[in-house]
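This report concerns only the one structure given below.
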Amino acid sequence: MTIFTIDEVKKTFINGEVKEQVLKGINLSLHQGEITALVGASGSGKSTILTIAAGLQRATDGQVLFNKKNMTDMSQEQIRKIRASEFGFVFQSSHLVPFLTVEEQLMLMLDVSGTKMKKKEQKVEVAKILKLIDMDHRRDAYPASLSGGEKQRVAIARAIIHKPKMLFADEPTASLDSKRSKDVMTLIRELTKTLSITTLMVTHDEEMLSYADHVITMKDGLIL
């Protein structure tokens with residue numbers, strides 16, 4: 001089932017009198033329970049697609065449809081609510097809050113996403129997710145005591161604990177060694193399939209492409 005559609009999306013940046021068209025008419029469909037990977041050299045436009053799809057910036061032209069709703073016509077407040085409740089994000093760095101335990105990191109996300117769970121319900125949900133990612137034994141740990149791979153696993157749990165329909169992953173393995181990268185991608189793939197999430201990932205690491213259902217190669221603002 002198609003969850004996300006990017007239809008003839010273009011993006012032009014203006015710096016004074018200089019115009020640079022970084023996306024030149026992109027068409028892309030993303031499906032439930034699948035990982036789509038965007039690859040290409042720096043400046044090819046892949047990160048711009050991800051940020052436009054995630055509602056972090058507007059397209060200059062074209063449409064972005066999420067669940068058949070046109071995000072292009074939405075207000076910033078409407079998009080913000082979708083990002084909080086329907087989207088999850090994983091970045092190169094885990095961006096964990098240093099003074100919160102693993103459990104508290106995830107409970108905070110449940111508050112931010114607007115699930116309106118009581119604290120007891122949050123703890124039950126957190127326990128489920130931590131068991132799913134094999135991190136239940138680190139529930140009371142602070143980020144400083146976690147390895148790089150553990151931090152990224154917690155970041156992934158935080159991104160999906162509110163049961164989003166979309167997961168946006170921007171170079172999720174860039175800061176990890178080969179083994180931890182494979183562990184993280186295995187986890188992302190398992191969660192995408194198990195929870196029927198639609199995942200859009202940007203990566204430079206060709207070894208990670210085997211975990212994707214679809215690989216989209218970009219060059220000079222176009223899909224090859």
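Just so it is clear, none of the values below were taken in a lab; they were calculated from the coordinates. Here the structure is a predicted model, which means the values were calculated and not measured. All Cβ positions, even for glycine, are placed from backbone atoms using ideal geometry, and neighbour counts span all protein chains on display.
Computed values, structure above
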quantity: Candidates 100, 96 - the one that is more than 23 Å from residue 3 (Cα to Cα), surrounded by 15 or more Cβ atoms within 10 Å (Cβ to Cβ) and touching a helix residue (DSSP H, G or I) at 6+ places or on another chain (Cβ under 9 Å); calculated: 96
quantity: Any hit, segment 33-46, residues being out of contact with any strand residue (DSSP E or B) (no Cβ under 6 Å at 6 or more places or on another chain) and under 30 Å from residue 134 (Cα atoms); calculated: yes
quantity: Considering residues of segment 174-224 that are free of Cβ contacts under 8 Å to residues at least 40 places away in the same chain and among the charged types (D, E, K, R) only, the residue farthest from residue 33 (Cα to Cα); calculated: 177
quantity: Which numbered condition residue 72 misses (of (1) in a loop (DSSP other than H, G, I, E, B); (2) closer than 26 Å to residue 21 by Cβ; (3) of a type in the set (Ser, Thr, Tyr)); calculated: (1)
quantity: Unique match (being among the β-branched types (Val, Ile, Thr) and assigned to a strand (DSSP E or B)) among 216, 188; calculated: 216
quantity: Considering residues of segment 139-184 that are among the polar types (S, T, N, Q) and either within 14 Å of residue 88 (Cβ to Cβ) or touching a Gly at 6+ places or on another chain (Cβ under 7 Å) (or both) only, the residue surrounded by the fewest Cβ atoms within 10 Å (Cβ to Cβ); calculated: 175
